[in-house]
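Accompanying notes for the structure given below.
The values are calculated or read from the model by the stated rules, or taken from the named source; none is laboratory data. Please read these numbers as outputs of a predicted model, since none were measured by experiment. Quick reminder, even Gly has a Cβ in these numbers, built from the backbone with ideal geometry, and neighbours come from all protein chains shown.
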Amino acid sequence: MTNKEKAKAYWKENIRYVLILLTIWFLVSYGAGILFKTELNTIKIAGFKLGFWFAQQGSMYVFVILIFVYVHLMNKLDKKYGYDS
Amino acid sequence: MVMIRSLILESIGVQTWTYILVGVSFALYIGIAIWSRANSTKEFYVAGGGVSPWANGMATAADWMSAASFIGMAGIISFAGYDGAVYLMGWTGGYVLLALLLAPYLRKFGKFTVPDFIGDRYYSNKARIVAVLCALLVSFTYVAGQMQGVGIVFSRFLEVDYNTGVIIGMFIVLFYAVLGGMKGITYTQVAQYCVLIFAFMVPAIFISLQMTGNPVPQLGFGSELSDGSGTFLLDKLDGLSTELGFDEYTVGSKSLIDVFAITLALMVGTAGLPHVIVRFFTVKRVKDARKSAGIALLLIVILYSTAPAVAAFARTNLIETVSNKPYADVPQWFKKWENTGLISFTDKNNDGLITYVKDESVNELVVNRDIMVLANPEIAKLPNWVVALVAAGGLAAALSTAAGLLLVISSSVSHDLIKKVFNPKISEKGELIAARLSAVGAVCVAGYFGINPPDFVAAVVALAFGLAAASFFPAIVLGIFYKRMNKEGAIAGMVVGILIMLWYIVKFKFGWLDDTIPNKSEWWFGISPEGFGSIAMILNFIVAITVMKFTKDPPEHVQEIVENIRIPSNAGNAIEH
């Protein structure tokens, strides 16, 4: 692989990770916390209605996890392409 | 021994405790500033580029969490219920965008400021100047609010005159921002994070234990009340709210589309705020930029996930303490905060009881939302030192954010304007002096706005986030992910984005274009000025791409810059700390 091809392949894999993670980002916040909160509010876990919980708690926890998953995936990807110097 | 100690602890009043805690924390900040003086422009602008991911994460968290997050947010949620989620999701979700779309690439780019990136990527000093103007506008609006926060904390807790409070705050910030630049700011922010998170969590844990028996506030507000009734706290709060005519707490009252738009505008605005972005220029490697975004968000979420719990506890406590109780029997804190004007009571029906309901013609109690954090420890009868801790925490939050903003302002002037536009031949030493002088100038302007708050401070959230969303975010994202984006497109997008955002705020928030503020029914798509940043951002994207289609491609060397920033290795030298 030439340097240019390598950079292109690396970029493509990176974009794929970003798209997958941003889809989850969208689903937990705009999906569970906003668009579908009324439906989810019919489900109750302890004192929390589920839609309310996603809006005020759950989505934030998922955000943190998403970034650390991305850090992990990208560190692996950097190694694979030898960009980890 | 223990008894004597607790006797001594109790005999020290709130006032004395506040002086002790605020004094000790200020001495700490000054000590750090002297230890971490900046000797070069690189140290002044980006702390030499050698900050560790953890230190940068803590500094970013303190930089980010302002007086509004610390003092205001729990109170806002307290009164808005579910709707408060726009701030929780909006001000945290933006970090996902930062970590995935901006921070690593800007670190690789490796310059000092956001206008640096815009100016180089769009090979144009016009683009650079537009970016500088946006950065100044956003940062000045934001910093005025911080200085106000400092004044409020001083005047309420230390019974110091409001203006004196602002001036004391100015001197402290001036000292470490001018001396240490980004390096001084970074390490004071690390200390400020520790102070503010401790100050926020201690009362929250106490109150959670008191009300639900659960020491973890995040779980506590989903638990049963510890009064033996077997009712869940949130159910009780929903019941109390509807009984008094308010909206059900866990449901809220904003329209779906507005909640959606505000959340989006705040997320994108967060990712586009220059004082947050610039923090990621300070770490050593690209992978450190990603990691420290994660650490920053983790540290922010500790406070942000506690705030809605505090909100629910405080709201329940408030209603139970005052609703339908005789005014003659109100607790001491009620009187104290009545003196400051944060609570006011008018006995409209002369029955001696406090009627607290939504219906304004009958309601007798007006509560300022800031009180939910400021008076919370007193409402929950916590020890004096905890009450004082809140003052030190509020000051840490306001000062750390103010310092970060002042640095953006001073580097915009000394680096982006003086060095890059007006006097490129300026020496390293001259630029460092210019940077320090601009920091002094910026503190004075901020202090002036703090003492004479302009009308627009109330609209600060809508304005600062809306402008950041409408200008920087699209320009930077397109600059990284769209190699063909050219200067014509980027400039047109930013200009259209900012102008339409300003127009919408001026029309619907200030009401300057009509005789009064227009009715909500005239909002575009039912979207409030707070949420309009999302529409302005979309317009920026559309305009930029359309204009690009009709103008010529960026030059070869710029396309190479883009290819280069996409690869994480060789991110430039850093100065070890």
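The residues of the stretch B:286-298 that are over 23 Å from B:L399 (Cα atoms) and either free of Cβ contacts under 8 Å to residues at least 24 places away in the same chain or more than 9 Å from chain A (Cβ to nearest Cβ) (or both), listed by number, are B:D288, B:A289.
The number of residues in the stretch B:447-473 that are in a loop (DSSP other than H, G, I, E, B), surrounded by 24 or more Cβ atoms within 10 Å (Cβ to Cβ) and at pLDDT below 80 comes to 0. Checked against (1) modelled with pLDDT of 90 or more; (2) over 25 Å from the mean Cα position of the chain (by Cα); (3) not in a loop (DSSP other than H, G, I, E, B), B:D553 meets all criteria but (3). Summed over the stretch A:11-26, the residues that are farther than 15 Å from B:A261 by Cα and more than 7 Å from chain B (Cβ to nearest Cβ) give a count of 10.
B:I71 meets all of the listed conditions (1) in contact with a helix residue (DSSP H, G or I) (Cβ under 7 Å, 6 or more places away or on another chain); (2) closer than 23 Å to B:S292 by Cα but one, namely (2). Find the residue count for the stretch B:76-87, including only residues that are within 9 Å of chain A (Cβ to nearest Cβ) and out of contact with any Gly (no Cβ under 9 Å at 6 or more places or on another chain). Of the residues in the stretch B:76-87, 0 are within 9 Å of chain A (Cβ to nearest Cβ) and out of contact with any Gly (no Cβ under 9 Å at 6 or more places or on another chain). Checking every residue in the stretch B:262-282 against the condition of being under 16 Å from the mean Cα position of the chain (by Cα), more than 14 Å from chain A (Cβ to nearest Cβ) and not in a helix (DSSP H, G or I) gives at least one match.
For the stretch B:225-253, the candidate set comprises residues that are surrounded by 21 or more Cβ atoms within 10 Å (Cβ to Cβ) and closer than 19 Å to B:Y87 by Cα; within that set, the residue that is farthest from the other protein chains (Cβ to nearest Cβ) is B:Y249.
Out of B:A177, B:A135, B:A131, one residue alone is out of contact with any Asp or Glu (no Cβ under 9 Å at 6 or more places or on another chain) and either assigned to a helix (DSSP H, G or I) or modelled with pLDDT of 85 or more (or both). It is B:A177. State yes or no: is B:G222 facing another protein chain (nearest Cβ under 9 Å), touching a strand residue (DSSP E or B) at 6+ places or on another chain (Cβ under 9 Å), outside any helix (DSSP H, G or I) and under 30 Å from B:Y356 (Cβ atoms)? The answer is yes for B:G222.
Just checking, does the stretch B:328-349 include any residue being surrounded by 24 or more Cβ atoms within 10 Å (Cβ to Cβ) and among the polar types (S, T, N, Q)? No; the residues of the stretch B:328-349 include none that is surrounded by 24 or more Cβ atoms within 10 Å (Cβ to Cβ) and among the polar types (S, T, N, Q). Among the residues making up the stretch A:12-49, those that are within 20 Å of B:M89 (Cβ to Cβ), more than 20 Å from the chain's Cα centre (by Cα) and hydrophobic (A, V, I, L, M, F, W, C) are A:L40, A:I43, A:I45, A:F48. When A:Y70 is tested against (1) under 20 Å from B:A271 (Cα atoms); (2) more than 7 Å from chain B (Cβ to nearest Cβ); (3) surrounded by 17 or more Cβ atoms within 10 Å (Cβ to Cβ), just one condition goes unmet, and that condition is (2).
Which of the residues belonging to the stretch B:512-538 are part of a helix (DSSP H, G or I), touching a residue at least 60 places away in the same chain (Cβ under 8 Å) and either hydroxyl-bearing (S, T, Y) or under 20 Å from B:S471 (Cα atoms) (or both)?
Listed by number, the residues that qualify are B:P529, B:E530, B:G531, B:F532, B:G533, B:S534, B:I535, B:A536, B:M537.
Residue under question is B:K509, and the condition is that it be more than 30 Å from B:A103 (Cα to Cα) and under 26 Å from the mean Cα position of the chain (by Cα); does it hold? In short, yes. Taking (1) in contact (Cβ under 8 Å) with a residue 40 or more places away in the chain; (2) among the small types (G, A, S); (3) assigned to a helix (DSSP H, G or I) in turn, B:G239 satisfies each apart from (1).
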